[in-house]
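J.: Before we start, here is the structure in question, set down as structure tokens.
Only the coordinates and a few stated rules stand behind these numbers; no lab work does. Given the structure is predicted, the values throughout are model-derived calculations rather than measurements. Using ideal geometry, Cβ is built from the backbone for each residue, glycine included, and neighbour counts are taken over all protein chains shown.
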Amino acid sequence: MSLILGIETSCDETAAAVLDERLNVRSSIVESSIELHRDFGGVVPELAGRAHVDVIGSVVERALTTAGLSVTEPGLAAVAVTSGPGLVGSLLVGLSAAKAYALVWDVPLVGVNHLEGHLFAPLLEHPDLAWPVLSLLVSGGHSLLVLCEGPGRFRVLGETIDDAAGEAYDKVARYLGLGYPGGPVIDRLAGAGTPGALSLPVSMQGPGLDLSFSGLKSALVRAAAAHPEVALADVAASFQAAVVEQLTRKLRAALASHEVAGVALAGGVAANSALRASVADLAEEFALACHLPSLAMCTDNAAMIAAAGWYRLGAYGPSGLDLSAEPNGVLA
């Protein structure tokens, strides 16, 4: 059976994975450099790029050997790699490595949009899912509602006009002194708090499907300063409830106007417990299949890049060796 190697280096995770043509994951290795960035309250591009350089070779080797393949002659059908969006220095490390492997092994190179990779993640755990699927893709850099009519066939229905949901989590966590990354710690704190204890506005109540989190972040800073008596857990719970309410309200509106067979979550914020529960409830309300990714498939990984690579190779053929990084690439 044909195999493909995927490589992902768009931010602070260095990842490699091997998939067969049926999208069975033969291996998936992820090395994070998050510990290098904690003291800075966010990812430092220069440090992330250097970390990728340090480990990219060993990560790819581990992915190949875990899949039972030889490093010198793995017998792959192609090498897929994230070309954007992401940090330009990080992207260039992955692209350079992928081009070198493709040349040495004499196999096609396939460039993959990182966001499209996230949309393929549900297929890795639900290969028989029915289409179309409405996907809510939420991460540190992106928040989108995407109608997926089939593998590689998608239409963006709405997106954030300013901060992404994960970015708002990190900024609020920094203001509250909770460290980085902000999403997991706010989620844990919120579990012990009371949503609504801190009054926050409901953003983007209009009929459109676009999102906004910058105003919510600013409103929380003002409200928390004005009400220092509100416990930290209650502040976290109030913020999280406002984020989840906006996301599920827009998702509900999209479901009401588009006939789909299922709903899916994707991206790092898909690991958030409150959002997962809310989306599951919404899917049950609309009698739809619900595709919640495992926690390993929420964060950046190369398995999703390899899956998208299989599709792009069949639909569009290989990329040229002049493939360049697209740090501001969009889903199109």
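J.: In debye, nearest 20, what is the charge dipole magnitude of the stretch 177-319 about its Cα centre with +1 on Lys and Arg Cβ and -1 on Asp and Glu Cβ, if you could check?
T.: Dipole of the stretch 177-319, to the nearest 20 debye: 280 debye.
J.: Going by the alpha-carbon gyration tensor, a ≥ b ≥ c the square roots of its eigenvalues, is the stretch 1-92 rounded (a/c under 1.5) or, if a/c is not under 1.5, prolate (a/b greater than b/c) versus oblate?
T.: prolate
J.: Using DSSP to call loops (not H, G, I, E or B), can you name the trypsin sites (Lys or Arg not before Pro) in the stretch 1-64 whose Cβ has at most 11 other Cβ atoms within 10 angstrom?
T.: Passing both the DSSP loop test and the Cβ count: R22.
J.: Treating only the Cβ atoms of Lys and Arg (+1) and Asp and Glu (-1) as charged, compute the dipole magnitude of the chain about its Cα centre; round to the nearest 20 debye.
T.: Charge dipole, the chain, about its Cα centre: 300 debye, nearest 20.
J.: Let me ask you something else. Please name which of L232, G314, L251 has its Cα lying farthest along the dipole of the stretch 223-332 towards the positive end, using unit charges on Cβ (Lys, Arg +1; Asp, Glu -1) and the Cα centre as origin.
T.: G314
J.: If I model a spin label as a point 7 Å beyond the Cα along the Cα-Cβ vector, how far apart are those points for E21 and H258 in nm?
T.: 3.1
J.: How many nm separate the modelled label positions at R174 and M1, each set 7 Å beyond the Cα in the direction of the Cβ?
T.: Between R174 and M1, the simple spin-label model gives 4.4 nm.
J.: For T65 and V88, FRET efficiency with R0 = 25 Å and r from the beta-carbon atoms, rounded to 0.05?
T.: It comes to 0.25.
J.: Provide, in order from the shortest bin, the percent of all Cα-Cα pairs of the stretch 181-283 in each 10 Å bin, continuing until the bin that contains the maximum pair distance.
T.: Pair shares across the bins are 14, 45, 31, 9, 1.
J.: To the nearest 500 deg cm²/dmol, what mean residue ellipticity at 222 nm is calculated for the chain from DSSP H runs of n ≥ 4 alone, each contributing -39,500 (n - 2.57), summed and divided by the residues?
T.: -14000 deg cm²/dmol
J.: A further question follows. Lys/Arg Cβ at +1, Asp/Glu Cβ at -1, dipole of the chain taken about the Cα centre: which of G94, L69, A223 is farthest positive-ward?
T.: A223
J.: Shifting gears a bit: Using 7 Å Cα-to-Cβ label points, what is the I34/V53 separation (nm, one decimal)?
T.: 2.5
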